[in-house]
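The values are calculated or read from the model by the stated rules, or taken from the named source; none is laboratory data. Just so it is clear, the model here is predicted, and its values are computed rather than measured. We place every Cβ from the backbone using ideal geometry, glycine too, and count neighbours over all the protein chains shown. Areas reflect the complete protein model, heavy atoms only, side chains present, ligands, DNA and RNA absent. Shrake-Rupley method; radii C 1.70, N 1.55, O 1.52, S 1.80 Å.
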Amino acid sequence: MSTAASLPVDALAGLANTETQRLVARMAQDIFSGVFRHSASAEPEQLAKAMIELESQCYDWCQAGADDEARALRLALLISGLDQWGLAYSQAFNLTAIPALTALLGTLRNRLEPQAESRFLRYFRQIEQVEAAAIDFKVDLRRSIHLALWHAMTACETVEQAQNILKPLGGMMLALDQQMPELGWRLLADALASIQLSLLNPSAVVSDVARDSTQQLFESLQHALPEERYKSILAHSGQVVMAWQQARRAAH
């Protein structure tokens, strides 16, 4: 799914190009999934071993940056991604904390010398405060988070269960739009397009609960967002869906 068109210049692209940013977004998802899975099912010794392996994987990837600045940015991106995954799941599933994730983030930060810590904080704040900073990372990250929670919602067997995820998911989307007044709509459009494509997938099995809760999600965003904002989101997501449909027809 292309998101390059009409996006502003990313000042961090020289240190982390589009490929690197998308890679770290996927990596954050994989690492978080590992932490969450092991936290829920592993015995204490197995969990400790798994966390050491995950920490080593994170550290090695960050250290593979070309220089100190690139390494600091890699760590800032990775920690930002892991932190956002943790916050999203805590909100969606009413968790007070994910101790293993907190420990992992702390361990990665504790490795830093004072100068490295300063570089890390500079990039971490830039990612957080400048909308266009690491925009490819942000698009892929939020798409993955929203889609994962949507899948969890559509897997629910009852309306009540789905509502428990629907409300925080809708809240996250609205908060993203507020946090990113210039570009948040693009991230939401990309996420909604991904949801629509999932529904259109011929192999998808969509229950009544899933279809109704998805409709409620779209309607809640329509009511909460300014009319022109929502129209822009629908127009962009519609273009993505149309391009996907045309590509499928051409392939056949």
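What to note about this one:
- For q = 0.16, 0.19, 0.20 Å⁻¹, Debye-computed log10 I/I(0) when each Cα of segment 42-81 counts as one equal scatterer: -0.46, -0.58, -0.61
- At most 12 other Cβ within 10 Å, DSSP loop - chymotrypsin sites (Phe, Trp or Tyr not before Pro), segment 34-66: none
- Expected-Rg normalisation [2.2 N^0.38 Å, Cα atoms] applied to the chain: 1.05
- Net charge contributed by nearby residues that have their C-beta within less than 12 Å of Phe120 (K/R +1, D/E -1): +3
- Eigenvalues of the alpha-carbon gyration tensor of segment 71-198, scaled by 5 and square-rooted, set the equivalent ellipsoid semi-axes at 28, 19, 11 angstrom, largest first.
- Whole-Hz couplings from phi, Karplus 6.51/-1.76/1.60, listed for segment 150-164; x for Gly and Pro: 5, 4, 4, 5, 6, 7, 5, 8, 10, 4, 4, 4, 5, 4, 5
- Each 5 Å bin from zero up to the one holding the largest Cα-Cα distance in segment 132-200 carries the following percent of pairs: 3, 17, 27, 25, 16, 8, 3, 1.
- Centroid-to-centroid separation of segment 79-106 and segment 190-241 [C-alpha atoms, Å]: 26 Å
- Accessible surface for segment 57-159, divided over its residues, is 46 Å² per residue with a 1.4 Å probe.
- Summing charges over neighbours of Glu131, with a neighbour being any other residue whose Cβ is under 14 Å away from its Cβ, gives -1 when K and R count +1 and D and E count -1.
- Value of [θ]222 nm, deg cm²/dmol, for the chain, DSSP H segments ≥ 4, -39500 (n - 2.57) each, nearest 500: -27000 deg cm²/dmol
- Entry note, segment 135-251: relative contact order of 33 percent, from Cα contacts under 8 Å with a spacing of 6+ residues.
- Ratio of the Cα radius of gyration of segment 135-251 to 2.2 N^0.38 Å, where N counts its residues: 1.04
- Annotation note: GluC sites (Glu not before Pro) in segment 143-252 located in DSSP loop regions with a Cβ neighbour count of at most 11 within 10 Å are Glu157, Glu182.
- With q set to 0.21, 0.31 Å⁻¹, the log10 of I(q)/I(0) for segment 123-172, from the Debye formula over equal scatterers at the Cα positions, is -0.74, -1.08.
- Relative to the globular-protein estimate of 2.2 N^0.38 Å, the Cα radius of gyration of segment 13-129 stands at 1.05.
- Across Met180, Met51, Met242, mean-square fluctuation computed from a Gaussian network of the chain (C-alpha pairs under 10 Å connected) peaks at Met242.
- Extending 7 Å from Cα along the Cβ direction at Gln129 and again at Ser203 yields two label points whose distance is 4.6 nm.
- The chain: relative contact order in percent, alpha carbon pairs under 8 Å with at least 6 residues between: 21 percent
- Along its three principal directions, the equivalent ellipsoid of segment 79-149 from the Cα gyration tensor extends over semi-axes of 22, 19, 8 Å, largest first.
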